[in-house]
1. With Cβ to Cβ distances under 14 Å as the rule, what net charge do the other residues near residue 232 carry (K, R +1; D, E -1)?
2. Once neighbouring chains are kept in place and the probe is 1.4 Å, which whole percent of the accessible area of the chain is contributed by carbon and sulfur?
3. Rounded to whole Å, give me the distance from the Cα center of segment 141-167 to that of segment 11-40.
4. On a 0 to 90° scale, report how tilted helix 127-140 is relative to the longest principal axis of the chain, with both axes built from alpha carbons and the result rounded to the nearest 10.
5. Might you tell me the accessible area per residue for the chain, computed with a 1.4 Å probe and given in Å²?
6. State log₁₀ I(q)/I(0) for segment 122-256 at q = 0.09, 0.16 Å⁻¹ as given by the Debye formula over alpha-carbon point scatterers of equal weight, solvent excluded.
7. Going through segment 75-176, which GluC sites (Glu not before Pro) have at most 16 other Cβ atoms within 10 Å and a DSSP loop state?
8. Per the Kirkwood treatment, what hydrodynamic radius in Å, one decimal, follows for the chain from the mean inverse distance over all distinct Cα pairs?
Amino acid sequence: MRVTRELPSHAAGEVDVPFVIKGYAEVVADDTEWNEHSHPWHELLWNERGASTVVVGNRVWCITPTLGLWMPAGRLHTASAVAGTVYRAHFFRHGTRSALPDEPVPVDIDPLLRLLLERLDEADLPQASRGVTEAMVLDVLRPSARALLVQLPTSPLLRPVVDAVRRTPAHQGTLASWAAELGCSARTLTRAFRAETGTGFARWVAAVRAQHAVQLLARGADAEEVAEEVGYSSASAFGAAFRRTTGITPGRFRPG
């Protein structure tokens, strides 16, 4: 079962709030999608368990238990989450200053940041302690050097490649084979991928596979199944590639 939720779009700061940082948590019972919307406040999204995805324009971000996403106030985005995902959202009043830019960026959810955010969720936290904790959160927030991000090329030339790989992540087509099929040179495809995604074809395919793997693992598939589904020769090869991309083991996404 798939559920669609409708949320409004607000300009940055359009609605004032009485908090500096406010947390929200939910267990998603069904596969869920959120329409394109925006918030009047900044949002830090992360997961306690499971998999969720946020799309901003042609950028697809995957959110994990160790890698969150900073969404600036007023930025239009859609989202989805797999059934069983425990997702967390911390809202920051518009105008709150931090080292994060006015652009969506990944944020490492390290043990210190997680501890501080969980402390803010304590209902009986004294106001003075809340102020100190909020200041510490704002002090440690930094963009991550890692990102589980797929930038989707939009040109007609690359569209068949993008559709095929996203539909079947185990697709083993090379740039040379795609060039032959599309009637152009491998050099042309290489330049086009670099220009539209900022990365090479192999790395882009690896990111697509990692995002697909996260979804499968969150649904309860074992490592052997996922390895085959996303094009790796063995569970160990898949596990090593997954850890390089996400920073955690596949087992962290298993429900339970």
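1. Around residue 232, the charge tally is -2.
2. Carbon-and-sulfur percentage of accessible area, whole number: 54.
3. 25 Å
4. Roughly 30 degrees, rounded to the nearest 10.
5. 48 Å²
6. Scattering profile of segment 122-256, log10 relative to I(0): -0.39, -0.86.
7. Passing sites in segment 75-176 are 122.
8. 19.5 Å
The values are calculated or read from the model by the stated rules, or taken from the named source; none is laboratory data. Not measured: the values here are computed from a predicted model. FYI the Cβ positions are ideal-geometry reconstructions off the backbone, even for glycines, and counts take in every protein chain you see. Areas reflect the complete protein model, heavy atoms only, side chains present, ligands, DNA and RNA absent. Shrake-Rupley method; radii C 1.70, N 1.55, O 1.52, S 1.80 Å.
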